[in-house]
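I have placed the structure first, in the form of structure tokens, so that the comments after it can refer back to it.
The values are calculated or read from the model by the stated rules, or taken from the named source; none is laboratory data. Treat the numbers as computed from the prediction; the structure is a model and nothing was measured. Using ideal geometry, Cβ is built from the backbone for each residue, glycine included, and neighbour counts are taken over all protein chains shown.
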Amino acid sequence: MCENSAVLVATEADDPTADMVITELNRRGTPVVRFDPADIGVDLTLSARFGGCAAPVTGELRTPSRAVDLTEVRSVYWRRPVWPAFDGLGEDDARFAAAQVRYGLGGTLHALSGPLWVNHPLRNAEADYKPAQLAVARRLGLAVPPTLVTNDPAEARCFAAAHDQVIYKTLRWTPYRRDGVPVTGWADPVTAAEIDERVRVVPHLFQAVVDKVADLRVLVVGRQVFAVRIESGILDWRRDYSALSYRAVELPGPVERALLAHLDHFGLVSGSFDLAVDREGCPWWLELNPNGQWGWLQEPTGLPMSAAFAELLTQGALS
């Protein structure tokens, strides 16, 4: 790979976290091409050729300000891209057009064999199943709170009655509005008396509450591990960022190795883990976000998170 090979950054237009990484890449003199699949058309053009050429895939990806040779991509930072919805088309035409973009643009990028992906979207999707995350975490020796996934109300009531405190968590976040207002799925307490027949409609995730004194957000970039202790006193700290304080901490060696092994299991290069620390100092597994947010943690902790991403993307390989 030549020194002029580029880093592709796939993300939405407003992404301060991607901006932080791109700033670090620019400092290193690493060529960057930022694009969003939603811009396909005038602001994003793809030309890819297969067969009858030396390389398996040749061609070019162009934006109004940049162009990249598909044979000269050193890495792909798959941050927060948006796929086009084609709202101006009829329902069937929009569905058809959206599929052509996903399988044309997405398929071409997936066909590139040389770049390092952070992370490959197919690996992200595989790792996004919470039941799979829980099973892998337990196999790796991490402490996992008792958890039940069920659509049986009787099972759910029995589980809730067997533990001092139980929460309900969504198995997958999706955009949701109630009376036109966006709704976020928090980790919410639930009692046996509150569980009714509506549970039968879909599987629900119920989990025993960890008697915690703090939370941990752990970002892994390549083989670098950045652990941040979050003090809040809130069951779900995402409810009120103004109530949080942060400090960088070191993880116990076995926990750090288990988190790295968790990423390796799913073929991920990076990921954000959430853990809860109990009164004895034991970290308990909560979940993995394969493409989790971390940008707001860099300034208060002084941890070089964006620099770690930029270095990894510049190298184009795990060290």
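Observations
For every residue, the table says whether it meets (1) closer than 29 Å to residue 317 by Cβ; (2) without any contact (Cβ under 8 Å) to a residue 60 or more places away in the chain.
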residue: 6; (1), (2): yes, no
residue: 10; (1), (2): yes, no
residue: 37; (1), (2): yes, no
residue: 40; (1), (2): no, no
residue: 67; (1), (2): yes, yes
residue: 78; (1), (2): yes, no
residue: 91; (1), (2): no, yes
residue: 97; (1), (2): no, yes
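- Assessment of region 193-201 against the conditions (crowded, with 19+ Cβ neighbours inside 10 Å, over 28 Å from residue 304 (Cβ atoms) and of a type in the set (A, V, I, L, M, F, W, C)) yields at least one matching residue.
- Yes/no for residue 62 being of a type outside the set (A, V, I, L, M, F, W, C) and surrounded by 14 or more Cβ atoms within 10 Å (Cβ to Cβ): yes
- Hey, residue 108 surrounded by 12 or more Cβ atoms within 10 Å (Cβ to Cβ) and part of a helix (DSSP H, G or I) or not: yes
- Residue within region 151-163 that is within 30 Å of residue 248 (Cα to Cα) and part of a loop (DSSP other than H, G, I, E, B) present: no
- Residue match in region 150-166 (condition: out of contact with any His (no Cβ under 9 Å at 6 or more places or on another chain), at pLDDT below 95 and under 30 Å from residue 307 (Cβ atoms)): no
- Annotation: residue 218 fulfils all but one of (1) buried (at least 17 other Cβ atoms within 10 Å of the Cβ); (2) assigned to a loop (DSSP other than H, G, I, E, B); (3) not basic (Lys, Arg); the unmet one is (2).
- The one condition in (1) assigned to a loop (DSSP other than H, G, I, E, B); (2) surrounded by 15 or more Cβ atoms within 10 Å (Cβ to Cβ) that residue 141 fails to fulfil: (2)
- Those residues of region 224-273 which are farther than 14 Å from residue 296 by Cβ, buried (at least 19 other Cβ atoms within 10 Å of the Cβ) and within 19 Å of the chain's Cα centre (by Cα), in sequence order: 227, 258, 259, 262, 263, 266, 268, 269, 270, 271, 273
- Against the test of being under 30 Å from residue 274 (Cα atoms) and touching an Asp or Glu at 6+ places or on another chain (Cβ under 7 Å), the options 80, 123 yield a single qualifying residue, 80.
- Among the residues of region 118-134, those identified as surrounded by 14 or more Cβ atoms within 10 Å (Cβ to Cβ) and either in a helix (DSSP H, G or I) or touching a His at 6+ places or on another chain (Cβ under 9 Å) (or both) are 120, 121, 123, 124, 126, 127, 130, 132, 133, 134.
- Only one of the listed residues (234, 230) is under 28 Å from residue 311 (Cα atoms) and without any contact (Cβ under 8 Å) to a residue 24 or more places away in the chain. That residue is 230.
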